[in-house]
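Contents: one structure, followed by commentary.
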Amino acid sequence: QVQLVESGGGLVQAGGSVRLSCAASGSFLVINPMGWYRQAPGKQRELVATMTTGGSTNYADSVKGRFTISRDNAKNTVYLQMNSLKPEDTAAYYCHADALVKWYSGMNTYWGQGAQVTVSS
């Protein structure tokens, strides 16, 4: 019904930057919000940033001022610009979206395949 395909990630130096992309495809009536979560080994998955179609954003305190989420509603694509990266940012980053697939159903949650971001010292 809905597929979230991520691109980007990799090994970067501390203080460096990387951009993640996530494109939604399939058949859906509404997709909102879209955002990013991350999970490090042995830790719970945590919210990084989300954005609504109206432009409202929500960031984790640990990434405020360093990460920027953006969204192209026409392309159903969300981006995460990650600057001033720290080793603590090392994690698998998952694209997330809530989507309405059928008019008689509720919103469902969809996840991307994950993109590994490793920040070296």
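The values are calculated or read from the model by the stated rules, or taken from the named source; none is laboratory data. Note that the coordinates shown come from a computational prediction; the quantities given were computed from them, not determined experimentally. Methodologically, a virtual Cβ is constructed for each residue, glycine included, from the backbone with ideal geometry; neighbour enumeration extends over all protein chains shown. Protein only, heavy atoms only, side chains kept; ligands, DNA and RNA dropped before computing areas. Shrake-Rupley method; radii C 1.70, N 1.55, O 1.52, S 1.80 Å.
Which value, in debye to the nearest 20, describes the size of the charge dipole of the chain about its Cα centre when Lys and Arg Cβ atoms bear +1, Asp and Glu Cβ atoms bear -1, and nothing else is charged?
Around 40 debye, computed over the chain.
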**Q.** Virtual spin-label span in nm between residue 83 and residue 46, 7 Å along Cα→Cβ
**A.** 2.2 nm
Q. Aspartates and glutamates near residue 64 by alpha-carbon distance under 18 Å, same-chain residues fewer than 8 away left out - which ones?
A. 46, 88, 89
Q) In nanometres, what is the gap between the two model label sites at residue 32 and residue 113, each 7 Å from Cα along Cα-to-Cβ? A) 3.0 nm
Q.
Of the candidates 107, 82, 51, which one comes out as most mobile in a Gaussian network treatment of the chain with C-alpha springs shorter than 10 Å?
A. 107
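How much of the accessible area of the chain, probe 1.4 Å, is carbon plus sulfur, in whole percent? Walk me through the numbers on the way to the answer.
Working: 3060 of 6290 Å².
Carbon and sulfur together cover 49 percent of it.
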Q. For the range 57-121, what value does the Rg/Rh ratio take when both radii are computed over Cα atoms and Rh is the Kirkwood radius, given to two decimals?
A. 1.05
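Can you tell me the accessible area per residue over the range 38-121, all protein chains present, probe 1.4 angstrom, in square angstrom? Don't jump to the answer; show the numbers that get you there.
Details: 4510 Å² over 84 residues.
Accessible area per residue, the range 38-121: 54 Å².
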(Q) Cut-off under 15 Å on the C-alpha distance; same-chain residues fewer than 8 positions from residue 75 excluded. Which aspartates and glutamates are left, in chain and number order? (A) 6
Q. Mind checking Rg over Rh on the range 1-106, alpha carbons, Kirkwood formula for Rh?
A. 0.99
Q. Which of the trypsin sites (Lys or Arg not before Pro) found in the range 33-121 are in a DSSP loop and have at most 16 neighbouring Cβ atoms, other than their own, within 10 Å?
A. 43, 45, 64, 66, 75, 102
Q.
What does the extension gain come out to for residue 11 and residue 73, with contour length at 0.36 nm per residue minus their alpha carbon separation?
A. 19.4 nm
Q | Spatial separation of Cα centroids for the range 14-37 and the range 44-121, in angstrom | A | 6 Å
**Q.** Rounded to 5, percent antiparallel among DSSP beta bridges of the chain
**A.** 90 percent
